[in-house]
1. Most exposed first by the Cβ proxy, i.e. fewest other Cβ within 10 Å, how do Met424, Met186, Met199, Met469 rank?
2. For the chain, what is the charge dipole size about the Cα centre, in debye to the nearest 20, if Lys and Arg each add +1 at the Cβ and Asp and Glu each add -1 at the Cβ?
3. So which of Lys28/Lys391; Lys134/Lys372; Lys28/Lys164 end up more than 31 Å apart by C-alpha?
4. May I ask for the distance between the Cα centers of region 102-128 and region 198-224, given as a whole number of Å?
5. May I ask you to list the residues of region 261-295 whose amide nitrogen lies under 16 Å from a point 7 Å from Cα along the Cα→beta-carbon direction of Leu448?
6. Mind running the shape call on region 2-472? Use the C-alpha gyration tensor, a ≥ b ≥ c as the square roots of the eigenvalues: rounded below 1.5 for a/c, prolate if a/b tops b/c, oblate otherwise.
7. Order by neighbour count: Ser312, Ser393, Ser418, fewest other Cβ atoms within 10 Å first, most last.
8. Exactly which GluC sites (Glu not before Pro) in region 295-364 are in a DSSP loop and have at most 11 other Cβ atoms within 10 Å?
Amino acid sequence: MKILNNLIKYGLCLFVFLLPWQTRWIFKDAAINGQVWEYGRWSLYGTEVLLIILLLLALTRFFISPEFKFQIPNSPSASSGPVGKLQINSKSKIQNPKQFSKLLFWSIVILVIWSTLTISWSLDKGLAWYGWLKLAEGVALFWLITNQSQTTRTIANQSRIFLKTFSHALIASGVAQALLGISQFMRQTNISANKWLGMSWLDPTETGASVIEFLDMRWLRAYGSLPHPNILAGFLVICLLLVIINLWRHDHKVTNIKEVGARRGAHLLNSFYWLSAVIIFLGLLVTFSRGAWLAFIICFASGFIYWLVKKSRIIIKLNITLLIIFCLTFAFVWVSYPTQLFTTRFNPEARLEKKSMEQRTAGYQQALILLKENSVLGLGINNYTLALYQKDSRWPGYAYQPVHDAGLLTLVELGIPSLLLFVMIIISALKKKSEYILLLLAILILGLFDHYLRSFYFGIMLWWLVLAMNAVFIKER
């Protein structure tokens, strides 16, 4: 049983580390008017295979070991026995979240059921089933993380070890993606095009590449291994906030450790956090994603103000140090590269920025038209771009894009019931008094400016990953 538990534990860590890599098998291609229609493709990602294996292992553990039960995270039954002892003896301030935990659990269950019902009136039931499977995989990831956290508490009081290892895997993934993105920006191309890594060739001179254009120059934005700079930026925001939260929890404890070996290890871990913060922040800068920048600024400022109100001198000093480091990193990029890279992104008259705003505005108008026709029940999960095509079939496949607002996209596809369910999920999660609420705040802000949290496999996994982390991580102050 210990081997099985370790396989699931380290398998989850491997999953989050590999999640940004877009290796996939496109087993059903799709095109409209001779051009690729990405949102009509059916793909199997490499990390999906790993997720399915982990789910099978977790189900095997459930069936062969009667002590493992499907539990609502932090429910009364999950707090009894050895777990209850852990919570009583812990220095952490554990809240009693049973009311909103049940709300969270049943909201997710009803959301899955409602999404299944929308398939019956969707335009293309095959596309709808494909979208539903991605949603189900996200829910499965949520259950795997929350269940593994509960299991480690139950069998070995190792919950903190699992959660820390899990967060370190996510941070390491962020560092790897940031380094790759920094390299792409500095080289103005990809390191290599490799289908096995899910990476295509990037050339700023080609149409379709995400660039910043000024004078006669086109500067490539950082992609990492993801399909768009905005998606990389959203991922790096989550990873950077996770680094900061770990610093809040860990940095001040180093001086209190008396054992020499343990203190040395703590210093190394601290160095890892600080170095990761610099690398990930630099990677975030070179994505030139305004929405992600805004999300990070709001979340970091919220944390800064929170600790000012709490009058925690140690954390306030740490936050000031972080702020200085971030400002110096920004200044380095500002003086090392043309300032137009930043100013152009906020110039509404620049050609590409103007084009982007026009496309987004048109996208909102299209969404409102579809919403009026399908406001109550929705048009069916994963059927948005198909509905656009049926409205106007003149455009090439790549022109049919979801509206750049995850909430509005959800409302159009799944109707008012789904929006209410998501609101209940968010409310129940927000009641969890933990620093990890900043991750949820970030993901909500990111969803206001883009659709990938609902339309891409990676974004769906990221949403449920953040929700799970907010559900299981406990407050230490």
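Rule-based calculations on the coordinates, nothing more; no lab input. Please read these numbers as outputs of a predicted model, since none were measured by experiment. In this analysis, Cβ positions are derived from the backbone assuming ideal geometry, glycine residues included, and neighbour counts consider all displayed protein chains.
1. On the way: Met424 18, Met186 13, Met199 22, Met469 26.
Least crowded to most crowded, the residues run Met186, Met424, Met199, Met469.
2. Working: 45 positive and 22 negative charges, 421 e Å.
So the dipole magnitude of the chain works out to roughly 2020 debye.
3. As for pairs spanning more than 31 Å Cα to Cα, those are Lys28/Lys164.
4. Between the Cα centres of region 102-128 and region 198-224 lies a distance of 38 Å.
5. What the label zone holds, given the 16 Å backbone N cut-off, is 290-295.
6. Details: a/c = 1.72, a/b = 1.17, b/c = 1.47.
Oblate, because a/c is 1.5 or more while a/b does not exceed b/c.
7. Ranking Ser312, Ser393, Ser418 by Cβ neighbours within 10 Å, fewest first, gives Ser393, Ser312, Ser418.
8. On the way: sites: Glu349, Glu353, Glu358; in loops: Glu349.
Sparse-neighbourhood loop GluC sites (Glu not before Pro): Glu349.
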